[in-house]
Structures are given as C-alpha cells and as structure tokens.
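A short reminder: the numbers here are calculations on the coordinates, not readings from a lab. Since we're looking at a predicted model, the values are computed, not measured. Every residue, glycine as well, gets a Cβ built from its backbone with ideal geometry; the counts of neighbours run over all protein chains shown.
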Amino acid sequence: MQNDRPRLFAVRLLPYRLRVTLSSHPPRASSMASTSQQSKGSDDVLRKLDMAIQLLTAAKDAGGFAPAQIALGAACALLNMIRDTISNKQGFVGLGLYCARVCEALDRALNANRSVEPDGFTLKAIEQLTTTIGEIQKKVEGKGKQNPVLGFFNAKNEKDAIAGWRQELDEVLKVFQTELALSGHMMAAGTYRNVSAIREGAHSVQASTPPGELPPPAPKAFFGRGELIEEVVGHAKKLESIALIGAGGIGKTSIALTVLEDDRIKARFGDNRRFIRCEQFLASRVHFLARLSKVIGAGVDNPEDLVPLRPFLSSKETLIILDNAESILDPQGPNHKEIYAVVDELCQFKTLCLCITSRMTSVPRYCKRPRIPTLSMEAAREIFYGIYGNDERSVIIDNLLQRLDFHALSITLLATTASDNVWNHDRLAKEWDERRAQVLCTDHNESLAATIELSLASPTFRKLGPNARNLLGVVAFFPQGVGEKNLGWLFPALFDRENIFDKFCALSLTHRSSGFITMLAPIRDYFRPRDPNASPLLCTTKDHYFTRLSVDPDPSRSLSGETQWIVLEDVNVEHLLDVFTSIDTDAVNVWDACGNFLHHLRWHKPRQTTLGIKIQGLPDGHPSKAQCLFRLAQLSGAMGNDAEYKRLLLHALTLERERGNDFGVAEMLQNLSYANWSLGMYEEGIQQAEEALEIFKQLGDVEEQLNCLQSLAWLFFLDSRLDAAEDTVSRKIELLPEKGQEYQLCQSHRLLGNVYCRKGEKEKAVYHFKTAITIASPFNWQGVLFWNHYDMARMFRDEGEFGDANAHIEQAKSHAAHDAYKMGSGMEMQACIWYLQHRLDDVRSEALGALEVFEKLGAVEDMGNCQHLLQMIEQATEILSIPSESDSDGLDSDAYWTAPSTPLDDFQDDSDWGSERVSHP
C-alpha cells in the first residue's frame, strides 16, 4: 500500500480533477460543478492562492530533479498569473483549462515514482495547491455561467503573458510523457533532505513564517517621542500613507522602526511588516520593483511594473517602510518620474500603509506629514547618559545638549566620542568649544559630516551650482539664519535666490522658523566658515548689513519704518559685529557700523549688548571709541540706567575735548543734560544744555539747536520753572521750518501738554497731547505715541478719572511691543492707577512684572519705584485687614487711600513719580 499512497493521496485531493489530454479543449462545465458558497468573495481565494504560491516557491527552490522543479516553477508562475487575472477581473474563464492541466501534471508527477515516500512539507504544498485550484475552478465556472460571452483567453491586459505561460506549461507536459522513464529519480532522497533542511534551518519556509524579509529590530534607546509615535500609529492603523521628513540624524529611521515594532501595529499587521532601505539599490524602477518583490515575498522575479505584484499587495493588509527614500525620489534624479509613479500608486492601495522616511519633501501628495520635533531636554539626557554611562547629571552636559539643538544623532555621537575617549564633562566641553562639529565623529567612522554630505551629493543639490555650499555657509554664520523677507537686499546679485532657498528647505538642510531660514545647531556648526574673511559671499552680505545700518534711525531724520528691520535682525547683526570686531580691532568701518547698531537698538529695541565690554576696552586713542561710547551711553539711557548713561558720556566728553572736536563736545554736553534731568540734577543739566546750545549756534547747526532747546525746556519744566519752559518751547517752534520737522513739532506739543497740565489748564493740555498723537500716527512713531498716551494717563490718574487713565495706559503699552523699558514703564503706571482703585491683587501682579523688566535692564531707579509700590501694597493689605474701630490712628479703611501721610503722596507728586519719564531726544 505504500507504493499507492501518493496516487491515492492525489486522487483524494483532486475531487474536481479532469481527465484532460494535451489538447487545448476546455473542461466540460458538468465536470467542474461547484460546491463552494457563492457568498465567499475572491479575496478568500486570493489569500489561499498566496499561501500556495509561497509554499510551491519554497519547494521549487529546495532543489531536486529538473522536471520536478520545472513543474513546480510552472505551477507558481501560473498561479501568479491566475491571481493577477482574478484581481483585474479579466480572463476568468480562460484559466480553467490551465487549472485542470496543472492538476493533471502534478498527479502524474506524484505517481511517477511511487517507491519514494514524499515528505510532509511537499504533501502540504501540494495539498494547498490542489485545494486552491479547486476553488479557482469553481470561481471560473461561476464566472463563465454569469457571462458565457467571455472567451477562454479574454484577459486583454495579460494576453501575451498567458500565451507565454501556456507554452511553458505545454513544455512541462511534454516532459511528463517520459515520466515512466524517469521513475526512481523524480523524488530522490536528496530532494527530501533539502526540503527538510529548508524547513528546519535558516531558509525555513514553514507556513507560520511570513514570506520575504523580516524588518530590523527597533532601537533599544528611544526616548521622548511618545506623541509623535501615537500620531504615526494612528495613521498606520487607518492605512494612511505617512511621510517622516526631516534633517539627517533627527531620528526618522528610529521613529519608523519603533512604530514597526509597536504592539498595536503588530496586532494590526501581524507578520506583514516590511522595511526597505532605499539607498541600498540603484535608483531605477526596475531595481525598486525587484527589491519590493523580494522584501514582501511576492515570488515575482524582476517585475517591470506593479501589475504582477498588485494581487499580492491587495490580498493582505501590509505596512511597508521606505527608509531614506530621498535616494530614489529626488526630483532631479534620472529615473525620478517612473519611481515616483510607482510609489504614488503604492499609496493608493487600500490594503497598504506606506511609511516613507526622507530628507526631501518630494513625496506622494496624499501622505500625512507629521512634524518631527527635536528631542526634549529629558529625552536628550537619557540618550546621552545611556551611552556615556555616568548617571551624575551635570549642567555642563545640559548646556552642550542645548547647543546641539537636541539633535538625536549629534547627541549620540557626542556621547560615544566622550565615552570612547574617557573624557570627563569639563574635557568634553573644552573639546566642543575648540572643535565643534569635528567632535561629532566616532572611531567607527560614524560622523555628522557623513550624514550631511549625503544630502550634498543629491542631484537636487548639485544642480543648484557651485555657490550653493557657500550660500549655506552664510546661513550657518548667522545665529538666526537669514530673514526670508530680506533675501532681496542680502543677496541682490543671486539669481533665482527664492528657488535656491526653497530647495535648501526641501532637502532639510535648512528650515523655516519665525520668518527666518535657519539650521539646526549641529548642521550650522558644520557649514559655518572657519575664516569669515575668506568667504566672499559672507563679506558681501556684511557690507549689505553695514549699508542698512548707516541709515539714521532718529525719527526726526528719517522715516522710522526704514530702520525698524533691526527689531527682528538684532541678534544677527550683533553676532556679525562681534565676530568682525574680534578679527580686526583697527577696522574703522566695522566700529562705525557698531555705533550705528547701538543707535538702532536705542530707538527700536533697547537692550543689553555683548559689544559694550569691547567698546569700553578699546584704547582711548582709537578713532571710533568716543562715538561708540556715545551710542552706548544713549542705549543705557534708553534702558533707564541713567547713572551709566552719565558715566559713559563723561568719558566720551573727555575724549572729544582732547581731540578738539567742537561738535563732539557739544553733542556730549547736550546728552549730559538729558542724563542730569533723569537724575534730578536740573541746574547742572541746564548749564550743560545752554553751553551746548552756544556751540551749535557757532557751528550754525540749526537741527542740533532744536534738540538743545528741547532739552532745556524739559529741564525748566522739571525744575518747576513753567514759564521759562513755555518760552523755550516757543523759541524752538520759531526755528522750525514749515515742513520736514514733524518729529520736533510732536516733541514740542508733548512738552506744552505737560506744562499746561502742571498749570492746571487741562483742556489746553489735552489739546497739545492729542495734536502730538495726530502728527505722529501717520509716521507710526512708536516712542512718541507711547509717551503722549503715558502722559495723558498720568494726568487723568491725578484727576481721579481712572477710566480714561486706564484707556490711555493700555494705548501706551500697545506702542511698546519691542521696547522693554517702555513696557515696564507702562506696567508701572498701570499698577499705580490700579492701586488708587484699590485693586491690590492686580497691582501686585503688574508691579512684579514691571520689576522683572527693570531688573533685566538694570534700571535701578525704576526698580526702586516698583519695590516701593509693592511695600505700599503690603501696608495697605495690613490696614484693610484691621477693623476701623480698632485702628490705632482712628482711620477707617477708605481714609488710607487719601490720607496725606500715606506713601501714596510720593506718587502724586509729579516731581517724583512719572513726569521724569520723557523720551531722551
């Protein structure tokens, strides 16, 4: 009975087997009676067909006698063709004959050598094949009954392929005519051993093992991307295509592999999770399709398009990751269009989730593109210390991680280098300060440079021309990058500059942030020019910045809008000047630009600057020191640091007297009068203003005479010499031309408003304040608008009209967005108004905010005012908490706010509270 087992086994498995000869006549319908349920769709057949193809492919590849391999190969080829035809809904009926012939061929092959017992694996493969063919025969028969008009070879898209497969099958069947002669060799013992080894060894193809290539494992150290993983998993579960786009080393591959091994993804896709490294094959459609077919286990050799793979891809839900896809999707690549078309079609499969990692933005349009953030501080620490091996946290390391912009690869490389060289934290910081990006290279040839150079080798980057890398060097030089709206004046000679910067962003070498095109810190360190003077493009950019700085920001001399660009570009300009003043301390043009920069800050964004120490460190004989000290002094005054304002001016005055520079002497005296009025030293200020006025008269400088008269008038006003102040303003107005000095006219009206306010002539005061505001509004002079609304708020506060006072101080604060000192002053005034309204909680919050601003600016006097106000709040709180009948002074709680002995009088006296806040001309 042993010799009959294969025969009996085959007969038992082929209830639909047809007695078919080598003729091409189709089987009769009666011999193909179907017993399957009509409700079962073709998807179930396709699923079983896939399994049969996988098993037969394994058996064929196991080796053995040639005819058996040919038979199994023909069966695999036929079944691939069948499932493709089923997927396309064409040529159904014409395949019935082929199903029958394959059954007949296998039947003969099995019975050709009954002396050899086939192993279980081979029997399983045959069982799967014959069962699937039986069900396909039912489908074919059912399709034929539904539409008899269909011919046997009506699959138009597959006509040539079917003809080829038929010829191959005919050749196989001819081989079987000699099967008796081959008896004893068809299933030799070696074949069984090979199949057994495949089943048990490294080439195992058991039914439980998925076809194709298994993906690599997820990274062991993965931190801080929980929200992003949740987002990507959500898209994958909905079978939505995903594109993870970002700079090299930001962690795209790690994110993709982590998603691939997520338990929810495993539950959804099972073993149908695949990973393709796109940089490991040539960028062509043929190579991509061949790699795709191999990885997913489709069993199709060298497919020319997706047609033979569609049935396989449509038969099961699959997650495929295309890693480093920029290597095949580069728009300038020679085969980009045809590869893009294939990838785009893959995104359309309803059973497929395609996840692309790429440095380039050229991915199929329907891909979801979640933003990939840099790491958090805690995640960066976990990665660093996980490699470095020291659990002791250090501020030094935190600083380094921050300077790396929390870039994942850079942190990994830094930790690896430190660990390999056994550097402590201090040594690591020292090496980083000295060598920067060169430190990011390990002994295993892993480096940030290699990652960046991959992007520079792309066809898209190479097409940008030889200056592209130098342009990246300019972007890298500036801490903020380059302003996107400033490309025109920064690079006027650069053709197609917007497109070039777009390509930089598309390659993830740069990114857009707050109106700037900038880089991650490690990439910036790699491209930054080591010698700025050796970069012609950077030097040209420097000259363009210096030209813009030469425009006087004083609203009385130019339109304010022409110079407000510094509000956004101040960090870049400060860095530019810091570098070039360090390179050559004798470069007068650089120091002149430095003074102009401080002048711009004074008018548009008063703040501390690192250049102050360098300026004060210049030799007194340096030709630019006096002017730079003067601009630094004005900046200090604009920040409310009046003592520093005066100190620096006195130093500059000494230098100008030594040089015999009359204009410089008068300029310093004029500004010293401003400093002294802020310090309450009015008589000294009046003397300096009058001395400066005489010098400017001798020089015939009318414009500076106007400034001196303005300063003199304010000093008379603050010294309570109101008539003298009014007369001085009238002298100033007489000197003003009809047009062209609107700013000076605004200042005059504001001063007159304060004079009439002090005289108690409220209507006149309001008229002059509003006139100043009306003149300033078209020019958008933020400082003028702020101080006029501020003065009106103070006036209404003193009148007890708190509604109007609050309205004007809110208006004032709206004109102080980029001026910290003005904002602090507005908050301080707001706190005072609320104090008078008994809003203690609001007062405390606003006063603390103002105090914080003044502390950062070093405005000592204003800090004292805020601290005084906070003390008053505490006193008021204590008094209001005591019942009036037990008050030792016999005052009720309301009396506290108006009693003349309270500290509030300090704020009601204009000579001490608020009126000294005048903008220094």
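Efficiency by 1/(1 + (r/R0)^6): what FRET value for K368 and D305, r their Cβ-Cβ distance, R0 = 22 Å, to the nearest 0.05?
My answer for the efficiency is 0.25.
Can you give the convex hull volume per residue for the Cα atoms of segment 651-702, as a whole number of Å³?
Cα convex hull per residue, to the nearest whole number: 64 Å³.
Segment 523-667: percent of C-alpha pairs farther apart than 27 Å?
It works out to 22 percent of all Cα pairs.
Take the Cβ-Cβ distance between A807 and D727 as r, set R0 to 30 Å, and report the resulting FRET efficiency rounded to the nearest 0.05.
Working from the Cβ atoms, E equals 0.35.
Based on alpha-carbon atoms only, what is the radius of gyration of segment 463-528 relative to the globular estimate 2.2 N^0.38 Å?
0.99
Rounded to the nearest 0.05, what FRET efficiency do Q280 and D620 give with R0 = 56 Å and r taken as the Cβ-Cβ distance? Could you check?
So, using R0 = 56 Å, E works out to roughly 0.25.
Name the trypsin sites (Lys or Arg not before Pro) in segment 356-429 that are in a loop by DSSP and that have at most 12 other C-beta atoms within 10 Å, would you?
R365, R371, R393
If you average the sequence gap of Cα pairs under 8 Å that are 6 or more apart and divide by the length of segment 598-672, what percent do you get for the contact order?
Relative contact order, segment 598-672: 28 percent.
Counting pairs of Cα atoms in segment 289-393, how many percent are more than 17 Å apart?
That tail contains 62 percent of the Cα-Cα pairs.
Using 0.36 nm per residue of separation minus the Cα-Cα distance, give me the extension gain between E763 and D420 in nm, one decimal.
In short, 115.6 nm is gained.
How much length, in nm to one decimal, is gained on full extension between I229 and D662, taken as 0.36 nm per residue of separation minus their Cα-Cα distance?
That works out to 148.9 nm of additional length.
In whole Å, how far is the Cα centre of segment 468-508 from that of segment 843-860?
Here the answer is 39 Å between Cα centres.
Need one word for segment 770-841: rounded, prolate or oblate. Basis is the Cα gyration tensor (sqrt eigenvalues a ≥ b ≥ c); a/c below 1.5 gives rounded, then a/b vs b/c decides.
Oblate.
Give the shape of segment 226-358 as rounded, prolate or oblate, defined through the alpha-carbon gyration tensor: a ≥ b ≥ c are the square roots of its eigenvalues, a/c under 1.5 means rounded, and otherwise the shape is prolate if a/b is larger than b/c and oblate if not.
Cα axes put segment 226-358 in the oblate bin.
Let me make sure I get this right: for segment 600-674, a, b and c are the square roots of the gyration tensor eigenvalues over alpha carbons, sorted descending. Under 1.5 in a/c it's rounded, otherwise prolate if a/b > b/c, else oblate. Which is it?
The shape class here is oblate.
Would you mind checking which residues have amide H under 5 Å from K368's amide H? H placed 1.01 Å from N; only 5 or more apart, or other chain.
S241, I242, A243
Compute the separation of the alpha-carbon centres of segment 695-755 and segment 404-433 and state it in Å as a whole number.
What the calculation gives is 61 Å, centre to centre.
For segment 227-287 and segment 357-371, what is the separation of their C-alpha centers, rounded to whole Å?
12 Å
Based on C-alpha coordinates, I'd like the Rg and Dmax of segment 377-446, in Å.
My reading of the Cα-based Rg and Dmax gives 10.6, 29 Å.
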